[in-house]
Amino acid sequence: MKNSAKAIFLDIDETLVTNETGPFPDDVEQIEEAHRRGHKIFLSTGRGLAHIPGILKDAPWLDGIIAGAGALVIIGDHAVYHKWIPQELLPAICALYFQLDKFCVFEGTNGVYGIKLPEHYNTDKKIFSVTKEDDFLTKYSDAIISKLTIQGDISEKERDFLSEYFQLNTFPPVYFEGILLGESKSKGMSIVLETLGIPRANSIAIGDSRNDIDIICAAGLGIAMGNACEELKAVAGEITGDCGKGGVGQAIKKFVLDQ
């Protein structure tokens, strides 16, 4: 229906933000107008909540967040779904990365924690250094961790250990990420749609990466950024412009505001 509200799910990295810059005015203008007309705007990101830039998390047009690739779903000010890594598993993960001497980031609800954290790894929220295997049982016992980000290619040792608990998304040779088994952006979207009573046909997802494939396929309309990976473009219903060049705004104008 012409005036029926849509739920719009926006990835962050290389969709709304690139190189920690963004969101961009051309995108924000169209997002704000869609929100003004009664459409619902959600972030859909692999980032943990504490790793989402404040300019996005506190945006007046934001209706909710899917964080940790579906591990946390927030509508308004309320978490309606939340899963996290069991506290007793965290020391074993720490032990593995101290042994491998690799950069590992634990992204959570109330903080970002790192082993061998590089100086350039910045966020506008807290970053805590993990220096002992049991830090999550002693120093950071209140940490709620939903996602791992790990430098470089994945080794067989890492795969053998982590795959029991995580879906492993690789982005060689730069990094890979561990998403809790059973969680996904599309599952988070389903929770939002069911909670708000919005039909799936009225959902739009926009993203750029392999970790957006599930939500792009599940949405009523899945849109790939112009800078998206070829795997995502192959399954998307539409392709828009690049991140930083108004791609999100173009998609919202064409498929929401001009409908």
- Might you let me know whether region 238-250 holds any residue that is among the β-branched types (Val, Ile, Thr), out of contact with any Cys (no Cβ under 9 Å at 6 or more places or on another chain) and surrounded by 19 or more Cβ atoms within 10 Å (Cβ to Cβ)? yes
- Query: If you scan region 37-53, which residues turn out to be outside any strand (DSSP E or B) and over 14 Å from the mean Cα position of the chain (by Cα)?
  - Reply: ARG37, GLY38, HIS39
- Hey, GLY54 hits all of (1) closer than 25 Å to TYR140 by Cβ; (2) of a type in the set (Gly, Ala, Ser); (3) at pLDDT 95 or above but one; which does it fall short on? (3)
- Task: Could you tell me which residue of region 185-204 is surrounded by the fewest Cβ atoms within 10 Å (Cβ to Cβ), considering only residues that are in contact with a Leu (Cβ under 8 Å, 6 or more places away or on another chain) and either in a loop (DSSP other than H, G, I, E, B) or among the charged types (D, E, K, R) (or both)?
- Result: PRO199
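May I ask you to say which residue of GLY207, GLY178, GLY182 is open to solvent by 30 Å² or more (accessible area, probe 1.4 Å), of a type in the set (Gly, Ala, Ser) and either over 24 Å from ILE127 (Cα atoms) or touching a helix residue (DSSP H, G or I) at 6+ places or on another chain (Cβ under 9 Å) (or both)?
Numbers: GLY207 fails: open to solvent by 30 Å² or more (accessible area, probe 1.4 Å); GLY178 fails: open to solvent by 30 Å² or more (accessible area, probe 1.4 Å).
The unique qualifying residue is GLY182.
Residue-wise test of (1) over 18 Å from GLY226 (Cα atoms); (2) assigned to a helix (DSSP H, G or I); (3) open to solvent by less than 20 Å² (accessible area, probe 1.4 Å).
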site: SER4; (1), (2), (3): yes, no, no
site: ASP27; (1), (2), (3): no, yes, yes
site: HIS35; (1), (2), (3): yes, yes, no
site: LEU56; (1), (2), (3): yes, yes, yes
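From the list PHE176, PHE136, PHE166, PHE161, pick out the single residue that is aromatic (Phe, Trp, Tyr), touching a Gly at 6+ places or on another chain (Cβ under 6 Å) and modelled with pLDDT of 90 or more. Full working, then the answer.
Details: PHE176 fails: touching a Gly at 6+ places or on another chain (Cβ under 6 Å); PHE136 fails: touching a Gly at 6+ places or on another chain (Cβ under 6 Å); PHE161 fails: touching a Gly at 6+ places or on another chain (Cβ under 6 Å).
That would be PHE166, the only listed residue that is aromatic (Phe, Trp, Tyr), touching a Gly at 6+ places or on another chain (Cβ under 6 Å) and modelled with pLDDT of 90 or more.
Keeping to region 145-172, report how many residues are at negative phi and either part of a strand (DSSP E or B) or open to solvent by less than 50 Å² (accessible area, probe 1.4 Å) (or both).
The first filter runs over region 145-172 and keeps only residues at negative phi, leaving 145-151, 153-172.
If we keep only those that are either part of a strand (DSSP E or B) or open to solvent by less than 50 Å² (accessible area, probe 1.4 Å) (or both) as well, we get 145-151, 154-155, 158, 162, 166-171.
The qualifying residues number 17.
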- Query: Only one of these conditions is not met by VAL73: (1) assigned to a loop (DSSP other than H, G, I, E, B); (2) under 15 Å from the mean Cα position of the chain (by Cα). Which number is it?
  - Reply: (1)
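Does region 126-144 contain any residue that is part of a helix (DSSP H, G or I), farther than 14 Å from PHE103 by Cβ and among the basic types (Lys, Arg)? If you could, list the steps in order and put the result at the bottom.
Step one: list which residues in region 126-144 are part of a helix (DSSP H, G or I), which gives none.
Looking through region 126-144, none of the residues is part of a helix (DSSP H, G or I), farther than 14 Å from PHE103 by Cβ and among the basic types (Lys, Arg).
Among the candidates ILE52, ILE41, which residue alone is touching a helix residue (DSSP H, G or I) at 6+ places or on another chain (Cβ under 8 Å), touching a residue at least 12 places away in the same chain (Cβ under 8 Å) and surrounded by 16 or more Cβ atoms within 10 Å (Cβ to Cβ)? Can you show your working first?
Details: ILE52 fails: touching a helix residue (DSSP H, G or I) at 6+ places or on another chain (Cβ under 8 Å).
When all the criteria are applied, what remains is ILE41.
The values are calculated or read from the model by the stated rules, or taken from the named source; none is laboratory data. Everything numeric in this text was worked out from a predicted model, so none of it was measured. Using ideal geometry, Cβ is built from the backbone for each residue, glycine included, and neighbour counts are taken over all protein chains shown. These area figures cover heavy atoms from the full protein model, side chains too; ligands, DNA and RNA do not enter into them. Shrake-Rupley method; radii C 1.70, N 1.55, O 1.52, S 1.80 Å.
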